[in-house]
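Down below is the structure, laid out as structure tokens.
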Amino acid sequence: MDKSMVKGLVVGGLSAVLLGAGAVSGYKTMATPRNADVIAVKEVKETVVTPKERCEEVAVRHQAPVQDEHRVAGSLIGGIAGGLIGNQVGGGNGKKLATVAGVAAGGYAGNQVQKNMQERDAVVRTERRCHTVNEKSQKVVGYDVTYRLAGKEDVVRTSFRPGATLPVKNGHVVTAPEAAPGS
């Protein structure tokens, strides 16, 4: 055999090996699925507690300010009335004694009547009352996706709601959304 024929056989053999390897790798690339079929999607939720202030207008009853703290007016009026009534009873020293007793009893009674009136004397004001309440809500934090790839079923959690298929790269399902071009 001549040298050029041997060279041709070597070059041809190498070319055949390279072309065969390229064909096998091209076939694997074509045979690798690009998408997995989505079978089911279930939302994964988390409970979120948010404190909020809730206010309302409330009618509040307050003790009215007391003008006569020692209830002098009630004691005086009661004493005068008691003295007048006591003076109507008896005669002589009995009349004097009845008048004094009437003044004492009337003064005490007038004092107590004024005390009761002051305690019931109230002012109603509208006041704003606030308190904190916790509001609960549900927040979707991901999706549990059941998919079929190459005849096998599996479950993966994604951060996005998938469509009918999930993208596959290098034989693995992609679980994050693809970035938009230019971002």
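Every number here is computed from the coordinates shown, using simple stated rules; none is lab data. Note that the structure is predicted; figures quoted are calculated from it, not measured. When we count neighbours, we look across all protein chains shown, and the Cβ atoms used for this are built from the backbone with ideal geometry, even at glycine.
Which order, highest average first, do 157-170, 78-91, 114-127 follow once you tally other Cβ atoms within 10 Å for each residue and take the mean per peptide?
On the way: 157-170: 13.3, 78-91: 16.2, 114-127: 11.5.
Averaged packing, sorted descending, gives the order 78-91, 157-170, 114-127.
When +1 charges are put on Lys and Arg Cβ atoms and -1 charges on Asp and Glu Cβ atoms, the dipole computed for the chain relative to its Cα centre reaches about 200 debye.
The fraction of all Cα pairs in segment 65-120 landing in successive 5 Å bins from 0 to the largest distance is 5, 25, 24, 17, 12, 9, 5, 3, 1, 0, given as whole percents.
In the frame of its principal axes, segment 38-183 has Cα extents of 127, 34, 17 Å, reported largest first. Rounded to the nearest 500, the helix-only mean residue ellipticity at 222 nm of the chain stands at -14000 deg cm²/dmol, with each DSSP H run of n ≥ 4 adding -39,500 (n - 2.57).
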